Structures are given as C-alpha cells and as structure tokens.
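K.L.:
One structure, pasted below without further comment.
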Amino acid sequence: MKRGRTVAVVGVIGLLAGMPLLGGVALAGNKHIEEAVEHAKGAGSHGKEGHADACTQHAEEALKHAQAAGVKNPHLDEGVKHLKEAVQHGKAGHADACMDHAQGAVTHLAEVK
C-alpha cells in the first residue's frame, strides 16, 4: 500500500516538473509568431513610407519566423500566403502592394493561437 502511494506521488511530482518543459515548447512556437507579427508590422510601415526594399526585408524575416512556428492553423497559412505576396511585390518595387499584403499577414498572424 505504501509503495503504491509512493509511486503515485513520484508520478505526480514528475508530471508537475515536466509541465514547464511542455509549456516551453508552446511558447517557442508563439515566439516565432510574435516575431512574425512584429516584422510584418515593420514591413507594412516601410511600405507605407514607399520603401519597397525595407518592406521586402521585413516581410522576408516575418516569413522565416512564420514558417518556423510549427503550428497548424489556417490563419498561419493565410499569413504565410500574404507574406509571400508582400515579398514578391516588394522585390518588384511595389511598396503599396507590399504594405497591403504585410498588413493582411498581420491580421491573420494575430489570430494564430
């Protein structure tokens, strides 16, 4: 009887000790999303100022983070599509279109949980 309780207590302690590690994995994914949102906002800001090159750089960085998030979510998929479009338009010198797609990415990425 004592051994059963000891095993149960050790199991519960192990479970509680392991929880922060599991939470860290989730936080790592969220950190990529946060970085993607920040860079997408930066892309939108530069695009608004007419800086297609800076818009492209931020959109590319946002895209890297969004793709590294490792989360299955339709908003993430849409955000990635917008970021790819932002990069494409930015490289073509279309700052306004880069801005529009970067802002679309922000809208979707902000919804990723």
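Since every read-out is calculated from the coordinates, none of them should be taken as a lab result. This is a predicted model, so every value here is computed, not measured. Backbone-built Cβ (ideal geometry, glycine too); neighbour counts: all protein chains shown.
K.L.:
Quick check: convex hull of the Cα atoms in region 22-108, volume per residue, rounded to a whole Å³?
P.N.:
It is 61 Å³ per residue.
K.L.:
Tally Lys/Arg at +1 and Asp/Glu at -1 over every other residue whose Cβ is under 14 Å from the Cβ of Gln103; what's the total?
P.N.:
Local net charge: -4.
K.L.:
What do you get for trypsin sites (Lys or Arg not before Pro) in region 44-85 restricted to DSSP loop and a cutoff of at most 10 other Cβ within 10 Å of the site's Cβ?
P.N.:
Lys72
K.L.:
Only Lys, Arg, Asp and Glu count, each charged at its Cβ (+1, +1, -1, -1), so figure out the dipole size of region 32-109 about its Cα centre, rounded to 20 debye.
P.N.:
About 160 debye.
K.L.:
Now for a different question. What is the sum of charges, Lys and Arg at +1 and Asp and Glu at -1, for the other residues whose Cβ falls under 12 Å from the Cβ of Ala52?
P.N.:
-1
K.L.:
Can you work out the Karplus-derived ³J(HN,Hα) for every residue in region 88-99? Use 6.51 cos²θ - 1.76 cosθ + 1.60 with θ = phi - 60°, whole Hz, and x for glycine or proline.
P.N.:
After applying 6.51 cos²θ - 1.76 cosθ + 1.60, I find 4, 5, x, 5, 7, x, 8, 4, 5, 5, 4, 4 Hz.
K.L.:
Here's a follow-up. What spacing in nm lies between the two simple spin-label points modelled at Asn30 and Glu111, each 7 Å away from Cα in the Cβ direction?
P.N.:
Those two pseudo-labels are separated by 2.0 nm.
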